[in-house]
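A.B. asks: So that we are looking at the same thing, I have put the structure below in structure tokens.
Values quoted throughout were computed directly from the atomic coordinates according to the rules given, and no laboratory measurement underlies them. Being a predicted model, the structure only gives us computed values, none of them experimental. Here the Cβ is made from the backbone with ideal geometry for all residues, glycine too, and neighbour counts use every protein chain on show.
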Amino acid sequence: MSYILSENVLGIDHLAVAVPDLEAAVSWMKDVLGFHVDEMRETQGRTSGMKSAVMRLGPVTVVLTEGIGATSQTSQFVTNCGPGVQHVAFRVRDLGRAVRSMQATGMEFSSPRLDSDGLSQIFSTRDKSTGLMIELIERRDFNGFRDENVQRLFDSLETQELY
């Protein structure tokens, strides 16, 4: 079977890592690995929240997340799976094409398509065999993260009680 995704992927855009203590994780990434903090944000849902730090080291981006409150999907992830990789984001040339090819292989998505200026994203459901959630992300001359996309993702996962 030929996968269109393989022709569409430009590389790993970032890793999202759920942690129980954001401050300690940021310190470790800076002091031990040499990453720098690119941006910090706090996202509030209807019943919970999340703090995050975008960390960069050359071409490598890691997004650290800590849940605010026990009902946060990030807190639930850490409680159920332990700290670690929450999702892997593949940067793609054409998000619509990538979604269609992945749906053809049976992948289901837990978020709607999240579009904003310079950025489009979608998140898969968590795979039971690997524990991974996959993000597909298309960037158009924008390398950061949009608050509205983070908020819409958080709200979508919170509503579905997914982590």
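A.B. asks: Semi-axes, largest first, in whole Å: what does sqrt of 5 times each Cα gyration tensor eigenvalue give for the stretch 44-117? Walk me through the numbers on the way to the answer.
C.D. replies: Numbers: eigenvalues 127, 61, 36 Å².
Output for the stretch 44-117: semi-axes of 25, 18, 13 Å.
A.B. asks: While we're looking at this one, here's another question. With an 8 Å cut-off on Cα pairs and a minimum separation of 6 or more residues, tell me the relative contact order of the stretch 4-160 in percent.
C.D. replies: 24
A.B. asks: For S48, S72, which order do you get if you count the other beta carbons within 10 Å of each Cβ and list the fewest first?
C.D. replies: In order of increasing Cβ crowding within 10 Å: S48, S72.
A.B. asks: Within a 10 angstrom radius of the beta carbon, how do T65, T125, T130, T43 rank from fewest other beta carbons to most?
C.D. replies: Arranged by neighbour count, lowest to highest, T65, T125, T130, T43 become T130, T125, T43, T65.
A.B. asks: Among residues other than C81 whose Cβ falls under 13 Å from its Cβ, what is the net charge (Lys/Arg +1, Asp/Glu -1)?
C.D. replies: Net of charged neighbours comes to +1.
A.B. asks: Are there GluC sites (Glu not before Pro) in the stretch 62-136 that DSSP puts in a loop and that have at most 10 other Cβ atoms within 10 Å, and which ones? Write out the running numbers ahead of the final one.
C.D. replies: On the way: sites: E66, E108, E135; in loops: E108.
Those satisfying the criteria are E108.
A.B. asks: Going by C-beta contacts inside 10 Å, put H36, H14 in order with the fewest on the left.
C.D. replies: Going from least to most buried by this count: H36, H14.
A.B. asks: Something else: Considering only DSSP beta bridges with both partners in the stretch 54-163, what is the antiparallel share in %, to the nearest 5?
C.D. replies: DSSP beta bridges in the stretch 54-163 are roughly 75 percent antiparallel.
A.B. asks: Bin width 5 Å, alpha-carbon pairs only: give the P(r) of the chain as whole percents, running from 0 to the bin holding the largest distance.
C.D. replies: Cα pair-distance distribution for the chain, in percent: 2, 9, 18, 22, 21, 16, 9, 3, 1, 0.
A.B. asks: Going highest first, how would you order 155-161, 51-57 by mean Cβ packing within 10 Å?
C.D. replies: Working: 155-161: 15.4, 51-57: 19.7.
In decreasing order of mean packing, 155-161, 51-57 become 51-57, 155-161.
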